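Since the structure comes first, as structure tokens, the remarks are kept for the end.
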Amino acid sequence: MDKTYDILQRVFGHHSFRANQEEAVNAILAHKDLMMILPTGAGKSLCYQLPSLVMEGMSVVISPLLALMHDQITALSAFGIKAAMISSMQSPSQIQESMQACRNGELKLLYVAPERLKGESFLNFLQSLCINFFVIDEAHCVSEWGHEFREDYRQLFRLKHYFPRTPIAAFTATATKIVEHDILHQLGLSHPLIIRAKVERDNLNIKADYRNANGREQLLSFLSAFQNESGIVYTLTRKETESLALFLEGYKVRARSYHAGLSTEEKNETYRAFLNDEIDVVVATIAFGMGIDKSNIRFVVHMSLPKTIENYYQEIGRAGRDGLSASTLLLFSASDIVEHKRRISEQPASEYQKVAYEKLEAMAKFATSQLCRHQQIATYFDDTILTCNTRCDNCVEGEKQSVDISNEALKLLS
Ligand code: ADP
Ligand code: MG
Ligand code: ZN
């Protein structure tokens with residue numbers, strides 16, 4: 001107990017635990033299987049890094065993105081914690097070196113790319129070590145019902161076969177009940193402790209509105225309340241991020257675009273400038289996502305309908321991480337649905353396509369519905385809450401007039 005607090009403060013430099021963290025740490029220290037559902041930025045990494053340090057020996061972390069693993073190892077080494085990673089990014093000799101460090105008991109955390117678990121010899125190597133627990137980060141990637149399914153995560157079912165007595169701790173930011181059950185099933189977790197944060201973000205003001213012919217004017221009028229404050233504006237296409245950023249600059253808004261077509265240097269530079277408040281607005285595609293860690297984002301705008309509520313909730317969730325009030329605006333029109341349907345239809349016909357249509361339909365219903373926005377999101381994620389009364393457009397403004405468009409939108413879906 002004391003050791004836990006000591007490491008929290010001395011090694012990580014945090015005064016206290018945040019909500020849910022201590023419970024998760026204790027579960028891992030008690031050798032339980034764990035499933036934790038907590039929003040991005042809430043501090044899930046600490047929940048497994050801290051027990052790794054409290055225990056003798058090492059733990060193994062499976063993570064979907066090489067860049068995320070790399071960032072974590074860099075951050076850990078700044079705290080003086082020995083961690084390494086085994087993935088396609090390392091040369092064979094680097095991998096040998098890391099494996100030797102594991103055998104010598106020199107590492108606290110080993111980060112492993114999921115595809116490594118395909119190989120019998122690598123699994124045998126892991127069996128030869130004394131591993132306290134496995135961590136599955138971004139665990140929703142194991143489920144086809146989630147929004148970021150990764151084929152390689154399917155290998156993870158092997159862990160419980162090869163290591164029946166080693167606990168597994170799975171972490172994710174968003175999981176509906178279906179995805180949650182699927183994760184437990186895929187990983188073979190029969191009686192895990194489940195820690196689920198409440199879905200509602202009560203410091204967010206949520207608003208959705210039809211985008212008229214002059215969507216940019218609607219954006220400008222929204223932005224006028226946020227001078228010199230940080231925000232993200234999401235658009236559907238790369239080209240639109242660039243032209244909209246230029247447009248905003250014309251109105252003296254310090255804006256820059258961000259999308260997957262830019263070089264790594266350009267992207268890093270934009271993110272750095274945003275973190276340091278040298279620019280206020282990032283106009284981005286959904287490529288501006290995982291790993292964004294800025295606490296004072298005051299607004300998030302969607303210039304068109306996101307493709308799922310999962311995406312939408314994650315994207316608006318980047319606002320107000322500091323707990324202070326923040327605002328979100330969703331602008332949408334029936335044409336967005338047409339565009340998403342076109343994109344989905346380009347995928348090979350599959351179960352995935354069917355799920356994608358269903359998720360799009362839920363998103364469109366959310367946008368056009370007259371019910372409390374917070375309540376709708378909570379319901380979607382199987383949480384039950386009262387209407388917010390003061391923090392969404394539907395509660396504050398009541399009935400909207402443009403029901404026609406909503407009928408049109410819903411017709412397009414059927
Ligand atoms: P997640 O994986 O849930 O998205 P991270 O683990 O990346 O979140 O943590 C997000 C940020 O929160 C990090 O900058 C981290 O240092 C910070 N953080 C985590 N736990 C605490 C704490 N107890 N006190 C203060 N800051 C914390
Ligand atoms: Mg994380
Ligand atoms: Zn409401």
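Only alpha carbons enter this Debye calculation for the chain, each as an equal point scatterer, and the log10 of I(q)/I(0) it gives at q = 0.06, 0.11 Å⁻¹ is -0.26, -0.89. The stretch between Val396 and Ala67, if pulled fully straight at 0.36 nm per residue, gains 114.2 nm over its current Cα-Cα span. Which FRET efficiency value, to the nearest 0.05, is calculated for Thr379 and Asn296 with the Förster distance at 35 angstrom and r the Cβ-Cβ distance? It comes out at approximately 0.75. Which stretch or stretches of region 145-163 have amide N atoms under 15 Å from the point lying 7 Å from Ser190's Cα along the Cα→Cβ direction? The answer is 160-163, whose backbone nitrogens lie closer than 15 Å to the label point.
When only alpha carbons of region 111-222 are considered, Rg and Dmax amount to 19.8, 64 Å. Stretching the chain fully between Ser350 and Ser369 yields a gain of 3.9 nm (0.36 nm per residue, less the alpha carbon separation).
Applying a threshold of 21 Å to the alpha-carbon distances of Lys252/Lys307; Lys341/Lys365; Lys3/Lys108; Lys207/Lys365 flags Lys252/Lys307 as lying beyond it.
Once the Cα-Cα distance is subtracted from the 0.36 nm per residue extended length, the Arg10 to Ala101 segment shows a gain of 30.3 nm. In order along region 129-144, phi translates into HN-Hα couplings of 9, 9, 9, 6, 6, 9, 10, 10, 8, 6, 5, 4, 4, 7, 10, 5 Hz, rounded to whole numbers, per the Karplus curve 6.51 cos²θ - 1.76 cosθ + 1.60 with θ = phi - 60° and x for Gly and Pro. For Asp209, the residues whose modelled amide H falls within less than 5 Å of its own, excluding neighbours fewer than 5 places apart on the same chain, are Leu330, Leu331, Phe332. Classify region 52-136 as rounded, prolate or oblate, taking a ≥ b ≥ c as the square roots of the eigenvalues of its Cα gyration tensor: rounded when a/c is under 1.5, otherwise prolate if a/b is larger than b/c and oblate if not. It comes out rounded by the Cα gyration axes. So if I take the centroid of the Cα atoms in region 225-276 and the same for region 50-87, what is the distance between those two points in Å? For region 225-276 versus region 50-87, the Cα centre distance is 31 Å. With the simple model of a label 7 Å out from the Cα in the direction of the Cβ, Arg272 to Asn214 spans 4.0 nm. Under 16 Å from a point placed 7 Å out from the Cα of Phe125 along the Cα-to-Cβ direction: which residues of region 39-74 have their backbone N that close? Those under the cut-off are 59-63. Using C-alpha pairs under 8 Å with a sequence gap of at least 6, the mean separation divided by the residue count of the chain gives a relative contact order of 15 percent.
All of the numbers you see were taken from the coordinates with simple rules; none came from a lab. Owing to the predicted nature of the structure, the values given are computational and were not obtained by experimental measurement. Note that each Cβ is placed from the backbone with ideal geometry, even for glycine, and that neighbours are counted across all protein chains shown.
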